[in-house]
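Chemist: After the structure tokens below, expect a handful of questions from me.
The values are calculated or read from the model by the stated rules, or taken from the named source; none is laboratory data. Since we're looking at a predicted model, the values are computed, not measured. Here Cβ is always computed from backbone atoms with ideal geometry, including for glycine, and neighbour counts include all displayed protein chains. The protein model used for the area step is the full one, side chains on, heavy atoms only, and it has no ligands, DNA or RNA in it. Shrake-Rupley method; radii C 1.70, N 1.55, O 1.52, S 1.80 Å.
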Amino acid sequence: MIKPELLMPAGNVEKLKYAIKYGADAVYLGVVDFSLRAMRKGELITLDNLKLAIDTARSMGAKAYLTLNIFAFNNDIKLLESCMDKIKDSNPDALIISDVGIMRMAQKYMPNTEIHVSTQANILNYEAVRFWQDMGATRAILARELPIKDVAEIKNKVPDMELECFIHGAQCVSFSGRCLLSDYMTNGERKANSGNCSQPCRWSYKLVEETRPGQYYEIEENPRGTHILSTKDLCLVKNLREMINAGIDSFKVEGRTKSLYYVSAVAKAYREAIDKVWENPNADMQPYFEELLKVGNRGYTTGFYLGEGYPKDGYSYDISKGLAGADFLCEIGGKYNSDGIETTSLTQTEDDWYRIRIKNKFFKNEDIEIISPSEKYTTQVTEIKTLKGEELELANTNDDLWVKFAKPPVEYEYALARTVGIKGGVNETQNCACS
């Protein structure tokens, strides 16, 4: 048995780097037009920098899989064919595909590149896995509707086919994400299966009687309305042992549109959890679950994986946007000496200043928690000043500032800061359908 791969989302180039530094063995990334996630922020991955992004992942010791998993119309096929030379030149480790027409084109232009069949293909049984294997695929990304026992049976029946399963992140109300609601409810402007979902499953709905237009009634007594379609997020950190025993080759985390902090913190939690349970199958996974409470979530559920159907408490009726148990405070951009000159010295001195980008405000002398690929500890902000040298008591959101820490991070280039502990509004009772 081989330790499963941790596969993290790379929504842009910066997130790609952080995902790998925080523990990903591989990343999956897409380009506009051919991916089911249309990115809008950061250094976006395009056809022009795709090769650079993939080369960056490899230089950091990770694999990079390119998503071409839209459902393609004729115009999509024509556009893709005009781009195949650039895609081939980028040389991804694998292509993630759901459309058989795109698969045929990929095999024509890139016959030596592995093909992973997307979860959009709704693979639920071993005969479907054998079919895709016969078609030339090397990995099947199984539907999230499968219980672990069925995954184990598939691996037993088709042992020479790699299996990939989602272990964490947002879920879709539609079967394996094949949704038409977004298209219908935005008059064709936001097609979910072309990378631009408006997430109507997260909207708040009310009841209207057709002879009483303008009179809206709560479907459930709730001041926020009712999010009747919104599922809780998947969390299987407490079930890693069973998933490893089922023979899963790759553990996948959803979230190419999530924040840099989300990607980093989730990668760190699952990296450490996988390593721990690999060494000791009976290891306590509760500490890692608590780490995952600190990132945005709509409440956690095990989904269909435990084989008892979808749990009744698997929907987040009261919220649509994920709530985090800790606030992301800042990224650390570099270390500087007292003269304002950037230094890469590994030696920490009391005169070191750190340039930071503020995400949420914090005060001088406040306790914060720093995480980096190799560290997690609580320290204090001892000094704050503007880039012009003016001393401050408060670091405000979106500011670029200088700070000093009572205990600075060693691996500061990829270090992040957040609030200490788990906020009272997000707790295990509220979030856990995981046990």
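Chemist: If you roll a 1.4 Å probe over segment 235-319 with all protein chains in place, what percent of the accessible area is carbon or sulfur?
Modeler: Here carbon and sulfur together make up 45 percent of the probe-accessible area.
Chemist: So between E383 and N122, what do we pick up on full extension, going 0.36 nm a residue minus the alpha carbon distance? Intermediate values should be presented prior to the final figure.
Modeler: Working: separation 261, 0.36 × 261 = 93.96 nm, distance 5.38 nm.
Roughly 88.6 nm would be gained on extension.
Chemist: I would also like to ask the following. Students often forget the sequence filter, so: which aspartates and glutamates lie under 15 Å Cα-Cα from K335 once same-chain residues fewer than 8 apart are removed?
Modeler: Within the straight-line limit of under 15 Å, K335 reaches these aspartates and glutamates: E350, D351, D352, E383, D400, E411, E413.
Chemist: Roughly how many percent of the accessible protein surface of segment 1-115 is carbon and sulfur, given a 1.4 Å probe and a whole-percent answer?
Modeler: So the carbon and sulfur contribution to the accessible surface is 49 percent.
Chemist: Rounded, prolate or oblate: which fits segment 13-157, taking a ≥ b ≥ c as square roots of the Cα gyration tensor eigenvalues, rounded meaning a/c under 1.5, else prolate when a/b beats b/c?
Modeler: On the way: a/c = 1.82, a/b = 1.27, b/c = 1.43.
Oblate shape, in that a/c is at least 1.5 and b/c is the bigger or equal ratio.
Chemist: Further question: Report E342's accessible area, 1.4 Å probe, all protein chains in place, as a number in Å² to the nearest 10.
Modeler: 110 Å²
Chemist: Not counting ligands, DNA or RNA, and with a 1.4 Å probe, what is R212's accessible surface area in Å² rounded to the nearest 10?
Modeler: 110 Å²
Chemist: Rounded to the nearest whole Å², what accessible area per residue is found for segment 229-353 with the 1.4 Å probe?
Modeler: Using a 1.4 Å probe on heavy atoms only, each residue of segment 229-353 averages 39 Å².
Chemist: Of the cross-linked pairs K63/K238; K232/K268; K388/K423; K51/K294, which ones have a Cα-Cα span greater than 28 Å in the structure shown?
Modeler: Violating the 28 Å limit, Cα to Cα: K388/K423; K51/K294.
Chemist: Rounded, prolate or oblate: which one fits segment 251-304, using the alpha carbon gyration tensor with axes a ≥ b ≥ c (rounded when a/c is under 1.5, else prolate when a/b beats b/c, else oblate)?
Modeler: The shape class here is prolate.
Chemist: Could you order the peptides 400-406, 81-87, 14-20 from most to least packed, using the average number of other C-beta atoms within 10 Å per residue?
Modeler: Ranked from most to least packed, the peptides come out as 14-20, 400-406, 81-87.
Chemist: Another question, then. Roughly how many Å is it from the Cα centre of segment 366-416 to that of segment 75-123, as a whole number?
Modeler: Computed from Cα coordinates, the inter-centre distance equals 44 Å.
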